[in-house]
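Below is one structure, written out as structure tokens, with a few remarks after it.
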Amino acid sequence: MLAINAKYVHSALAVWLLGAAVEKYACTPHQVEVIEATIHQSDEEIAGLVAAHCPDVVGVSTYIWNGGKLPEILRLLREMLPSAVFVLGGPEASYNVDFWLERGADYVIEGEGEGKLPALLDALAGDSDAGPITPAGLTNPAAIIEPVGPANPTTHIDPYNHAYLSTLKGKLAYLETSRGCPFRCAFCLSGGYDGLEFTPIETAKDQILKLSHTGVKTIKFVDRTFNCNPARAYDIFEYVISLETNCCFHFEVAADLFDQPTLRLLAAAPPGRIQLEAGLQSFHEPALAAVTRKMNMPKAEENLLTLIKNGNIHIHVDLIAGLPYETLVDFRGSFNRAYMLGAHNLQLGFLKLLHGSTLRKQASQLGIQYHQAPPYEIISSPWLSKNDIHVLKQAENPLRHTYNKSRFLSTLEYVLSVSGQSPFEIYKALGKSIQNHGLSLEIYAGYIYDCLRNIEKVDESELQKHMICDWLTMVRGKNMPQFLRMPDPKRKEAVSAVEKILKRKISREEVAFLPSGESVYIDAVDRDPVTGLYRLYEHI
């Protein structure tokens, strides 16, 4: 089975889960090999990795991030493996069956595959007890297969075998403890799921413990709304907080669903133990109503402010640009309101019209134009012109390369405090000045400095001070850019004094001088587990 991930650090839970399902539920023994590649590898290399195993059946997990590569990979594999059977599953295939049948798939498994894939493999092996396969196409039938095994197989399958765990070195580990979502957001596929399934709580805890012993740094829960059952969420939060581990656990949550007991529990979590990602999407009520996004926004804001103030949990919030009825002016308001929450990460995403989503079906009626190739991103709408999208893209670039990477945070805060401009206007100015596409940090810092020093009421000396301090806290082992290097005739004395304070030898990059002549330093072994920044000290 083939998974093509967006990044090397990602791991593909779906193919390992399906492999475990085949082992557990198939009536006929099948040898399953898993291959994980990335979208950054060439089509020829990926096809070669698969062909080297000489498989009889090739299963492929499809998503928006790999959908653009798969037609060519399938073509290559057809040439290399003319007698193989090709089976596709996952969201890209499930909701676009005819497209993939025309491009080389023999079967497309729609929806969940844990029961269907074992039945298909048994049928292909000639097992008469495998269950019916109903053709849904003409020359190349899609597989619509009656599941075998229990009605809800996901709660009984453990994908975390030795082979899977051995692939996790340096990667994220993924864990699913619930499937589906109680909400019906028109832009999402999880909302259309019929029913909500939960893994038994003790099984979930066993899998959490197993993964925490692998040495992975982050375990990411793929549950779409982890805290939709507050009592169950409390139980799992309490469990991961109690573990003796250095793992960080990442959860996608609805911020308005936290109750006071859970907030008190989270306040007691060890710093860096938990990350929370909250999808706000918009503050514009007509846009939220148009996509049936239900959220108590004042409650969500209140809870997020409480969590952020505690300082022990990394908070990530999401916005989606391009929702119906939200203009550029409206979105600017949503952005500024979200930014002022002070979360550690503010993702500015762009609406994607996914196959199978309600909003894609409504796009023509609403007048939304979008790219026909993955990831099906919005081009324009009656509320956002192409130029508006361009402006938002410009603002998103510096947001991604500064704030969301914890870069130049005090600098940005200073400029906002003195300029009187809104966060969106500052990021728009930065993005208009320079788009970062592979620039070195030193060169990018220079562009930031040149842009910000020209903003009204910004004092150049004060700007330099903040950028120097930020550079120390966010970078280790890199010399200060030339434009931030101040005269340092007393460097030896400053370094000696800091070494006495820290009681160890330090590198030159741990001490810097400000325009005022004062020195500052960091302790390079004292990094904040939530922000990832080194703590800054003034030399007295």
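Read the figures in this text as sums done on the coordinates, not as results from a lab. None of the values given here were measured: they were computed from a predicted structure. Counting neighbours? That spans all protein chains shown, and the Cβs are built from the backbone with ideal geometry, glycine included.
Charges at C-beta only: +1 for Lys and Arg, -1 for Asp and Glu. How large is the resulting dipole of the chain about its Cα centre, in Debye rounded to 20?
Approximately 1700 debye in magnitude.
Two-decimal Rg/Rh of the chain from alpha-carbon positions, Kirkwood Rh?
That ratio equals 1.00.
At a Cα cut-off below 24 Å, give the lysines reachable from residue 24, other chains included and same-chain residues fewer than 8 away excluded.
Within the straight-line limit of under 24 Å, residue 24 reaches these lysines: 116, 205, 210.
Which of the aspartates and glutamates could be linked to residue 299 by a straight reach, that is with a Cα gap under 13 Å, when you skip same-chain ones fewer than 8 residues away?
List returned: 256, 259.
What is region 172-384's relative contact order, in percent, from Cα pairs under 8 angstrom and six or more apart in sequence?
19 percent
So in region 172-384, what percent of DSSP beta bridges are antiparallel if you round to the nearest 5?
If we restrict to bridges inside region 172-384, about 20 percent are antiparallel.
Find which of 417, 249, 333 sits farthest along the positive direction of the dipole of the chain, computed with +1 on the beta-carbon of Lys and Arg, -1 on that of Asp and Glu, about the Cα centre.
After comparing all options, I get 417.
Using a/c under 1.5 as the rounded threshold, could you call region 172-384 rounded, prolate or oblate? The axes a ≥ b ≥ c are square roots of the C-alpha gyration tensor eigenvalues, and prolate needs a/b larger than b/c, oblate otherwise.
prolate
May I ask what percent, to the nearest 5, of DSSP beta bridges between residues of the chain are antiparallel?
Rounded to the nearest five, the antiparallel share is 30 percent.
Treat the count of other C-beta atoms within 10 Å as a stand-in for reagent exposure and order 500, 352, 294 from fewest to most.
So the residues, fewest neighbours to most, are 500, 294, 352.
Can you sort 44, 244 by how many other beta carbons sit within 10 Å, fewest first?
Listing 44, 244 from fewest to most nearby Cβ atoms yields 244, 44.
Quickly estimate the mean residue ellipticity at 222 nm for the chain, helices only: each DSSP H run with n ≥ 4 gives -39500 (n - 2.57), and the total goes over all residues, rounded to 500. Mind showing how you got there, number by number?
Details: 20 runs with 206 residues, N = 540.
Calculated from helices alone, the mean residue ellipticity at 222 nm is -11500 deg cm²/dmol.
With Cβ to Cβ distances under 13 Å as the rule, what net charge do the other residues near residue 508 carry (K, R +1; D, E -1)?
Working: positive: 476, 478, 485, 491, 492, 505; negative: 488, 499, 509, 510.
That sum, taken over residues with Cβ under 13 Å, equals +2.
Averaging sequence separations of C-alpha pairs under 8 Å and six or more residues apart, then dividing by the length of the chain, give the relative contact order as a whole percent.
So the answer I get is 9 percent.
Looking at region 285-412 from every direction and averaging, what is the projected area of its Cα convex hull in nm²?
8.5 nm²
For a quick check: sort 212, 334 by the number of other beta carbons within 10 angstrom, fewest at the front.
212, 334
Straight-line reach from residue 492: which lysines fall under 23 Å, measuring Cα to Cα and dropping same-chain residues less than 8 apart?
Leaving aside lysines fewer than 8 places away in the same chain, those within reach of residue 492 are 465, 478, 500, 503, 505.
What number comes out for the charge environment of residue 286, summing +1 per Lys or Arg and -1 per Asp or Glu over other residues with Cβ under 12 Å away?
Value of the local net charge: -2.
Calculate the tail of P(r) for region 2-145: the fraction of all Cα-Cα distances greater than 24 Å, expressed in %.
Summing the P(r) tail past 24 Å for region 2-145 gives 24 percent.
I'd like the antiparallel share, as a percent to the nearest 5, of DSSP beta bridges with both residues in region 2-145.
Restricted to region 2-145, the bridges split so that about 20 percent are antiparallel.
Relative to the first principal axis of the alpha-carbon coordinates of the chain, what is the inclination of helix 441-452, with its axis defined by its Cα atoms, in degrees from 0 to 90 and to the nearest 10?
60 degrees
Can you give me the distance in nm between label points at residue 499 and residue 478, each placed 7 Å from the Cα along the Cα-to-Cβ direction?
Here the modelled spin labels are 2.7 nm apart.
Would you mind calculating the relative contact order of region 2-145 from Cα pairs under 8 angstrom and at least 6 residues apart, reporting the percent as a whole number?
23 percent
What number comes out for the charge environment of residue 442, summing +1 per Lys or Arg and -1 per Asp or Glu over other residues with Cβ under 14 Å away?
Its environment carries a net charge of 0.
Amide H neighbours of residue 321 under 5 Å, at least 5 residues apart or on other chains, H built in the peptide plane: list them.
Residues meeting the amide H criterion: 349, 350, 351.
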